[in-house]
Amino acid sequence: MIKTLKHQVEHCLDLFPETRNSDIELTIRVWKTFYSHMLTQIHEDNDSVMLKELFELPREDNIKRIRAKIQNDEKRLLPTKWEVARKRGILEDEWRVAMGYPSKNCAGQDKLFEVKNQFN
């Protein structure tokens with residue numbers, strides 16, 4: 001059982017990449033994964049929260065703060081969409097490398113290296 005909220009957030013960011021782009025999606029996933037006993041199912045695929053449960057559930061702003069620390073300070077589990085990363089102030093080269101793409105600085109150097117090797 002994952003007990004701390006930080007570890008719960010990390011778990012969801014790691015297993016569910018779509019949660020990296022939306023704090024609301026992340027909050028819902030944390031609640032469904034670790035606090036499902038506090039959710040009420042009204043329809044087959046539609047969970048809801050009773051207002052009184054909001055006192056016990058982790059707040060979105062706390063989840064958001066933890067996500068921001070992981071992504072902005074630790075540079076881990078970055079958003080999967082560049083538009084989101086840009087709005088959060090993440091540098092493009094950092095994001096590109098984290099996503100497995102070459103950095104823009106290196107991309108041009110690779111082509112230059114190939115051209116130089118053709119003449120040697």
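Worth pointing out:
- Percent RCO, i.e. relative contact order, over the chain, from Cα pairs under 8 Å lying at least 6 residues apart: 21
- Using a Gaussian network model of the chain in which every pair of alpha carbons under 10 angstrom is joined by a spring, one finds that among 27, 80, 40 the greatest mean-square fluctuation is at 40.
- The helix-based estimate of mean residue ellipticity at 222 nm for the chain, built from -39,500 (n - 2.57) per DSSP H run of four or more residues and divided by its residue count, is -14500 deg cm²/dmol to the nearest 500.
- Largest GNM mean-square fluctuation across 34, 16, 55, computed for the chain with C-alpha springs under 10 Å, falls on 55.
- Cβ-based charge dipole, region 1-111, positive-most Cα from 62, 28, 95: 95
- A value for P(r) over Cα pairs in 5 Å bins from 0, in percent was derived from the coordinates, and within the list [x] 2, 11, 21, 22, 16, 14, 9, 4, 1; [y] 2, 10, 18, 21, 16, 10, 8, 6, 4, 3, 2, 1, 1, 0, 0; [z] 2, 10, 18, 17, 14, 10, 9, 6, 4, 3, 3, 2, 1, 1, 0 it appears as [z].
- Taken about its Cα centre, region 5-89 carries a charge dipole of roughly 540 debye when the Cβ of each Lys and Arg holds +1 and the Cβ of each Asp and Glu holds -1.
- Trypsin sites (Lys or Arg not before Pro) lying in DSSP loop within region 55-106, provided at most 16 other Cβ fall within 10 Å: 59, 75, 76, 81, 88
- Exposed GluC sites (Glu not before Pro) absent - longest run of the chain, DSSP non-H/G/I/E/B, at most 15 other C-beta within 10 Å: 75-120
- Each Lys or Arg adds one and each Asp or Glu takes one away; over the other residues whose Cβ falls under 11 Å from the Cβ of residue 35, this sums to -1.
- For the chain, a Gaussian network of Cα nodes joined below 10 Å ranks 50, 38, 99 by mean-square fluctuation, and the top entry is 50.
Each reported figure results from applying straightforward, stated rules to the coordinates on display, with no laboratory input. It should be emphasised that the depicted structure is a prediction, and the values quoted were computed from it without experimental measurement. Glycine also receives a Cβ, built like all others from the backbone with ideal geometry; neighbour counts cover every protein chain displayed.
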